[in-house]
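This report concerns only the one structure given below.
The values are calculated or read from the model by the stated rules, or taken from the named source; none is laboratory data. Keep in mind the model is a prediction, meaning the values are calculated, not measured. FYI the Cβ positions are ideal-geometry reconstructions off the backbone, even for glycines, and counts take in every protein chain you see.
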């Protein structure tokens, strides 16, 4: 599907500086860091969900599911570089036809995290690849 007029619809939580509170200071093993950072993603930290939809399409925010899964962690001191896979899906309605469509965005990000006495904080997030689909067909954006 090719879309010539599109908008970026942001659904979900914005990138925040909040952290997940930890009962005890974290160990510095990669496995422990991965577990704590995954918990932070699950709590909504670092969640940036940008869906590419045709302009004027109506989204049903309650139908969307957002998930991030830690793939790799490189730990050095209090810093962690994390590769994370994000899979967002839900429904949107074309107002011209009234037809409801399944939207799915799958992306891989490289995120930078810093550990402090209060837990892990996301510092930076950058997309390194991904795909948008509408009803299972790849979405091609034209400007």
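Every condition in (1) exposed (fewer than 14 other Cβ atoms within 10 Å of the Cβ); (2) part of a strand (DSSP E or B); (3) more than 18 Å from the chain's Cα centre (by Cα) is met by residue 67 except one, and the failing one is (3).
When region 24-37 is limited to residues that are modelled with pLDDT of 85 or more and closer than 15 Å to residue 121 by Cβ, the one that is farthest from the chain's Cα centre (by Cα) turns out to be 33.
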